[in-house]
C-alpha cells in the first residue's frame with residue numbers, strides 16, 4: 001500500500017518567517033512529487049512539482065526532494081497571512097494516479 | 001481558473017432523490033477523476049477514467065455511478081444517498097495516467113448535502 005504521510009498540524013508561524021512543511025512517502029519507486037494548496041472550502045491548487053533530488057525554487061516557494069530518505073518538503077519564505085491554508089503533498093509512482101497525503105494546516109499569524 | 005468546471009456548485013438532495021454532478025475540462029486532457037473530500041478527512045479517490053475507459057474504482061458504493069461519454073466530460077450519477085455522503089466532490093483531470101509527470105488540475109467542486 002502506497003502511503004504519503006504529513007503532519008496534520010496546525011503549523012503556526014509568525015508573518016515574515018519561513019514555514020517548513022514535510023512529507024514522507026513509502027514507495028521507493030515514486031518519481032514525481034507535487035504540492036497543492038487548499039484554502040478552506042475551496043479545491044486544491046497546484047503550486048509546485050519536483051522530479052529530481054535537490055531544491056527547486058519558484059518565487060517564495062522552495063521544494064526539496066531527498067529520494068534516498070524518501071521525503072519531500074516545501075519551504076515558504078516571508079510567510080504571509082494569505083498563505084494560511086492546508087498544504088497537500090501528492091506522489092506519483094508511475095502507473096497509478098497521484099497518492100495524496102492528508103495535508104498540513106498552516107496558520108500564519110500577523 | 002484551472003480549465004476544469006463543475007456544476008452545480010452546491011446541491012441539497014433528499015435520500016430518495018436522483019441527481020447528477022457534471023464536470024468538463026477544457027485542457028485537452030485524456031484522464032479524469034472523481035474525488036470525495038469530507039470534513040477534516042483526506043481526499044478519497046473514487047473513480048479514474050483514461051480515454052473514456054474506467055481504470056480505477058476504489059470500492060465505491062453502487063449508489064454512485066460514474067459516466068464518461070468523452071474525454072472532456074465526466075458525470076457522477078447519485079441515487080438513494082445517505083447523510084454520510086455529504087461532502088465536497090471534486091473533479092480533476094490530467095494529461096494521462098501512468099506517466100510520472102502527470103499533474104492533476106482540480107475543478108472548484110460541488111458541495112453536496114444529503115438531508
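What follows is calculated from the coordinates using simple rules that are stated; it is not laboratory data. No experiment lies behind these values; they were computed from the predicted model shown. Please note: Cβ atoms are built from the backbone with ideal geometry, for glycine as well, and neighbour counts cover all protein chains shown.
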Q. Can you list the equivalent-ellipsoid semi-axes of chain B, largest first and in whole Å, using the square root of 5 times each Cα gyration tensor eigenvalue?
A. 23, 14, 13
Q.
Just checking the output field for A:96-106: average partner chain Cβ neighbours within 10 Å of each residue's Cβ?
A. 5
Q.
If every alpha-carbon in the range A:1-87 counts as one equal scatterer, what log10 I(q)/I(0) does Debye give at q = 0.11, 0.23, 0.24 1/Å?
A. -0.30, -1.25, -1.33
Q. Label-point separation (nm) for residue B:57 and residue A:58, each offset 7 Å from Cα along Cα-to-Cβ?
A. 3.5 nm
Q) Normalised by the number of residues in chain B, what is the relative contact order in percent for Cα pairs under 8 Å and 6+ residues apart? A) 37 percent
Q) For chain A, what's the relative contact order in percent, using C-alpha pairs closer than 8 Å and at least 6 residues apart? A) 38 percent
Q | Peptide B:42-50 - average C-beta neighbours from other chains (10 Å radius) | A | 3
Q. When you look at the Cβ of every residue in A:39-45, what mean number of other chain Cβ atoms sits within 10 Å?
A. 5
(Q) Need the C-alpha centroid separation for the range B:1-20 versus the range B:73-115, integer Å. (A) 10 Å
Q | Stokes-Einstein D for the protein assembly as shown, Kirkwood Rh over Cα pairs, 37 °C, 0.692 mPa s (µm²/s) | A | 182 µm²/s
Q. What FRET efficiency comes out for the pair residue B:84/residue B:27, r = Cβ-Cβ distance, R0 = 41 Å, nearest 0.05?
A. 0.80
Q) What is the calculated FRET efficiency for residue B:18 to residue A:68, with r their C-beta to C-beta distance and R₀ = 41 Å, to the nearest 0.05? A) 0.20
**Q.** Segments B:52-65, A:74-87 sorted - mean Cβ within 10 Å per residue, highest first
**A.** A:74-87, B:52-65
Q: Rank B:66, B:42, B:83 by mean-square fluctuation in a GNM of chain B with C-alpha springs under 10 angstrom and give only the top-ranked residue.
A: B:42
(Q) Show me the ranking of peptides A:2-9, A:16-23 by mean Cβ neighbours inside 10 Å, starting with the highest. (A) A:16-23, A:2-9
